[in-house]
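A short reminder: the numbers here are calculations on the coordinates, not readings from a lab. No experiment lies behind these values; they were computed from the predicted model shown. As a convention, Cβ positions derive from the backbone with ideal geometry for all residues, glycine included, and neighbour counts pool all protein chains shown.
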Amino acid sequence: MKMMIINASPRRDRNTAYLLHAVEDGAMAAGAETEYIDLYDFEPSGCHSCLVCKRKDAERCKCYWPDDISFLIDQILASDKLVLGSPIYFSEPTAGYRALFERLAFCCLSYDGGEPYFKGKVDLGFVYTMNGPQSYYETALRPGLSTTENILAGLLNGTVRVLPSFDTLQVDDYSLYAMGRFDEEHKKKVHEEQFPEDLAAAFELGKQMATDL
Ligand SMILES: Cc1cc2nc3c(=O)[nH]c(=O)nc-3n(C[C@H](O)[C@H](O)[C@H](O)COP(=O)(O)O)c2cc1C
């Protein structure tokens, strides 16, 4: 059982990454083979609309753009599970997340109609981190997020698990930044009390996904 874990935050060692490392720990504890990738190491760019993947003589479910994202897509489609983590930027996942989504979804999308091209199954986990509270996530974000989750699940024949983490600590010392709208004391309290629970939930998500058939 192979699980790919992809961090779509440009920051390698903050909230999203902490949660994804916990997912990886949970998956490894359940015996999964894992691979953790920082997407921004790959300089992600979205679909270039070259349409080579739609040529009749092209191999299906293959992105032909000559960069590392195409190689990453090959790896994802050869895996059993994919966990994608992203911070929320202006009420959406990051540009890097979107870039990977476009490339992965488009090369698997059939323009012939009928059955999806991908015949395997890749189960999906989505981890989101954000400054906003749960109410903002549920009302403003969930409809858009579930659209992309469901598109991918449909194309990859997979199940979906989701883990959101709210009110994250964006910087260690708010006094150094012009971030007056945030209450540092509240942020630190959430980080000390709720974030460890989110980490535990992330560990559990990794474990569950590793054992899901
Ligand atoms: C460019 C930018 C835009 C952001 N937009 C939002 C937003 O719309 N809603 C929100 O709740 N948080 C927003 N945030 C906060 C991040 O989502 C939050 O700090 C997240 O946990 C960062 O993840 P990281 O620590 O893994 O980088 C934004 C942060 C940045 C840098």
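Side notes on the structure shown:
- Those residues of region 112-131 which are crowded, with 16+ Cβ neighbours inside 10 Å and of a type in the set (Gly, Ala, Ser), in sequence order: Gly125
- Residues of region 44-71 that turn out to be touching a helix residue (DSSP H, G or I) at 6+ places or on another chain (Cβ under 6 Å), under 19 Å from Ala95 (Cα atoms) and either in a loop (DSSP other than H, G, I, E, B) or of a type outside the set (Val, Ile, Thr) (or both), as a count: 6
- Consider region 132-153 and keep the residues that are more than 30 Å from Lys188 (Cβ to Cβ) and in contact with a helix residue (DSSP H, G or I) (Cβ under 9 Å, 6 or more places away or on another chain). The one that is surrounded by the fewest Cβ atoms within 10 Å (Cβ to Cβ) is Ile151.
- Residue within region 25-48 that is within 16 Å of the ligand (Cβ to nearest atom), over 22 Å from Leu156 (Cβ atoms) and in contact with a Pro (Cβ under 8 Å, 6 or more places away or on another chain) present: yes
- Where a residue in region 6-20 is over 19 Å from Phe90 (Cα atoms) and its partner, wherever it lies, is more than 7 Å from the ligand (Cβ to nearest atom) and among the acidic types (Asp, Glu), with Cβ under 6 Å and at least six apart: Arg12/Asp38
Quick grid of which residues meet (1) of a type in the set (Gly, Ala, Ser); (2) under 15 Å from Ser165 (Cα atoms); (3) in contact (Cβ under 8 Å) with a residue 40 or more places away in the chain; (4) within 16 Å of the ligand (Cβ to nearest atom):
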site	(1), (2), (3), (4)
Leu84	no, yes, yes, yes
Gly96	yes, no, yes, yes
Gly113	yes, no, no, no
Lys121	no, no, yes, no
Met130	no, yes, yes, yes
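- In the set (1) part of a helix (DSSP H, G or I); (2) away from the ligand (no atom under 16 Å from the Cβ); (3) not acidic (Asp, Glu), the condition left unmet by Ala17 is number (2).
- Residue selected from region 135-175 under the condition within 16 Å of the ligand (Cβ to nearest atom) and of a type in the set (A, V, I, L, M), by the criterion nearest to Phe203 (Cα to Cα): Leu163
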